[in-house]
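Comments concern the structure below.
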Amino acid sequence: MDRKYFKLGLIILSALGLGSKVEAQKKNDFNNPPLTHYLNDEHTRYLSFSGYAEIWARYTQLNPGSLVNNEAESQMSDLSLRRVRVKMTYKPTEKLMFVLQGGTTNVNLNAKSSNYFDLLDAYAEYSFSDKVALGAGRSTWRGLSRFTTGPLNTLLYDLPAYATSNAGTTDYTVRELSAYIKGQLGKFDYRMVLADPYTMATADPKLNVATFSKSAPRKDFSGYFRYAFLDKENISTPFNSGTYVGKKNVLSLGAGFDYIHDAMWHLDSSKNTVNDDMRSLAVDLFYDAPLNKDKGTSVSAYAMAMHNDYGPNYVRYVGTNNPATGVDATQASLNGAGNAMPVIGTGNTYYMQLGGTLPYFNKDKKDLQLQPAVGVQLSNLEALKDNAVIYDAGISLLMNGMSSRLTFNAQNRPVYTNDAANGAVASDRKWQFVLKYRIDFN
C-alpha cells in the first residue's frame, strides 16, 4: 500500500475517533455518536456528515394507455430508490458555513440510463447574528409554504404533491441558483430568496392554455414568514420538519409567496403571444405536541391554503417516481402515463394532514412505536370541471425514532378525461400502494 494513502487513512481514523470522544455524551436515534468532528473545545466549529436513503416497494394501478417498455400495462409492481442523499456541513468559524450535498432521485426501471449521483447543493452562508444571515449558491432555500423545500421527517410516505409542483420546470430537484436572507426575531422567523430559475420548456404557446415560456427566464422571488406561538423551530437548514414525534411543542402560523415575471405564455383569440406572470400565495398552520411523554404519544396536524395564478387554464400532471415509460396517445387520459395526476394549476389548492405516535411497544426501551396518519388534497383548478381530490392514508413503524422507519401508504387519485362538452371531468380513480423504508445517516 502506498505510504501516502496509509498516512491519510490514519489521519481520517484519528479525526473520527476524536469526534467520538468529544461527542461521548451526545447520541443520535441509534444511540451512537453523531458523525460530527468538532474543531474547537467550544463546539462552535465543526465538520459533520449526514444523509439518508429511501427505498420503495410499490404496486400501482396505471393510468389508461400507459406503456412499460412499449407494452401496454394497466398495473405494475416495482422496486425503486426514491432518494439517496449524502451531505457535508463545514463550519470553519462561528459565522461562516458551507454545505455540500449530492445524491440521486427516482432510480427505477424507467431510469436505467440516468442514475447519476448528482451535485445537488453547494452554498455558503454568513451569519451576522440570529436575526440576519446571508447565503448564496445552489440550494433548496426558497419561500411559499412549509413543505416547498422538500422532505424532512414526513408524516406520510412522502411530501404532498403540490408542495414541489414546479420541480423539473423552474428548478432541478427543487434546487435553484439563488441568494437568500433569513433570520429569527424572537418568535418570528423569515426567509426571502432571489433565484435564477431554469428554463426547460420545449413547447410553443397554445391557444388559451398557459405553458412555461421558452424565453429567457426572469428572476424568481419568493419568501416565507412564520410566527411561533410555542417552541421556536430550527432554521439552520431550508427544510421544515413534518413531525417532531412529540419532542417539541410547536404551533406555528406561516405565509409565503412565489413570483416570476413572464414565466408563462399563451396564444389569445387573435393568435397573438401573451406573456403571463407566475404568482403564488400560501398560508399554513402547523401543530405538533406530546400527549404523554412517558408513553411516547403525540399529535401532529397541518393545514394549508394556496392560490396559484399561472395564466389561463394551466394545469400540471405529475407522476412521482413514475414507473411508466410512455403512453399510447389514442387511449391516454388527460393525466398521461403511469401514476401522473393533477397536482397544481391556476386556481386554489387546500391540504390537510393529521397523525401522531401511539404508545411505545416497550416503554422502558422506547425504541418501537406506530405512527398512523391521513392526508387529503383538494384542488379547485380553472382547467378542470371537477375538483381534484387526492387521498392518502398510512402507518409507520418507528424502529429508531424517525431515523429508521418503515411506512405503508395507500393513495387514491383521480383520472381525468374530456366529456362531450370538452370539459375535464374525473371519470375514474386509481390506487397506489407504497411500502417505504428510510434510514438516516447522522
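Inside segment 207-249, residues that are over 20 Å from G137 (Cβ atoms) and of a type in the set (F, W, Y) make up a count of 5.
Residues in segment 235-254 that are among the β-branched types (V, I, T), part of a loop (DSSP other than H, G, I, E, B) and within 20 Å of T357 (Cβ to Cβ): T243, V245. Scanning segment 177-204 for residues that are of a type outside the set (V, I, T), farther than 30 Å from L230 by Cβ and surrounded by fewer than 22 Cβ atoms within 10 Å (Cβ to Cβ) yields L177, A179, L194, D196, P197, Y198, M200, A201, A203, D204.
Listed by first and then second residue, the pairs with beta-carbon distance under 8 Å, at least 6 apart or on different chains, first residue in segment 265-290 and within 28 Å of L354 (Cα to Cα) and in contact (Cβ under 8 Å) with a residue 40 or more places away in the chain, second part of a strand (DSSP E or B) and of a type in the set (V, I, T), are F286/V250; D288/V250; D288/V299; A289/V250; A289/V299; P290/T297. Identification of strands (runs of 3 or more DSSP E) wholly contained in segment 63-124 with 2 or more residues that are charged (D, E, K, R) yields 75-91.
Scanning segment 291-335 for residues that are free of Cβ contacts under 8 Å to residues at least 40 places away in the same chain and touching a helix residue (DSSP H, G or I) at 6+ places or on another chain (Cβ under 9 Å) yields nothing. For the condition farther than 15 Å from S236 by Cβ and either out of contact with any Gly (no Cβ under 7 Å at 6 or more places or on another chain) or modelled with pLDDT of 90 or more (or both), what is the one hit in R191, R142? Of R191, R142, the one residue that is farther than 15 Å from S236 by Cβ and either out of contact with any Gly (no Cβ under 7 Å at 6 or more places or on another chain) or modelled with pLDDT of 90 or more (or both) is R142. For E54, state whether it is more than 18 Å from I439 (Cα to Cα), among the acidic types (D, E), under 22 Å from the mean Cα position of the chain (by Cα) and buried (at least 19 other Cβ atoms within 10 Å of the Cβ). Here the answer is no, as E54 does not meet what is asked.
Here T170, T140, T148 are screened, and the one residue that is closer than 30 Å to N422 by Cβ and crowded, with 21+ Cβ neighbours inside 10 Å is T170. Would you check which residues across segment 391-428 are over 15 Å from Q377 (Cα atoms) and aromatic (F, W, Y) and list them? Across segment 391-428, the qualifying residues are F408, Y416. Report yes if some residue within segment 220-228 is at pLDDT below 95, of a type in the set (S, T, Y) and within 26 Å of V315 (Cβ to Cβ); otherwise report no. The answer is no, given that none of the residues of segment 220-228 is at pLDDT below 95, of a type in the set (S, T, Y) and within 26 Å of V315 (Cβ to Cβ).
Residues of segment 105-136 that are under 30 Å from V434 (Cβ atoms), crowded, with 20+ Cβ neighbours inside 10 Å and free of Cβ contacts under 8 Å to residues at least 40 places away in the same chain: V107 alone. Residues of segment 74-94 being among the basic types (K, R) and either surrounded by fewer than 15 Cβ atoms within 10 Å (Cβ to Cβ) or touching a residue at least 40 places away in the same chain (Cβ under 8 Å) (or both), which ones? Matches in segment 74-94: R82, R83, K91. Restricting to segment 58-108, give me the number of residues that are small (G, A, S) and under 17 Å from A337 (Cα atoms). Number of matching residues: 5. For segment 341-356, a residue qualifies if it is within 17 Å of R146 (Cβ to Cβ) and either surrounded by fewer than 21 Cβ atoms within 10 Å (Cβ to Cβ) or touching a Lys or Arg at 6+ places or on another chain (Cβ under 8 Å) (or both), and the qualifying residues are V343, I344, Y350, M352, L354.
Only residues that are buried (at least 16 other Cβ atoms within 10 Å of the Cβ), on the phi < 0 side of the Ramachandran plot and either over 25 Å from the mean Cα position of the chain (by Cα) or part of a strand (DSSP E or B) (or both) were counted across segment 306-325, and they come to 8.
When segment 95-141 is filtered for residues that are among the β-branched types (V, I, T) and within 20 Å of T320 (Cβ to Cβ), the ones remaining, listed by number, are T104, T105, V107, T140.
The values are calculated or read from the model by the stated rules, or taken from the named source; none is laboratory data. Bear in mind that the values here come from a model prediction, so they are computed numbers and not experimental data. Note that each Cβ is placed from the backbone with ideal geometry, even for glycine, and that neighbours are counted across all protein chains shown.
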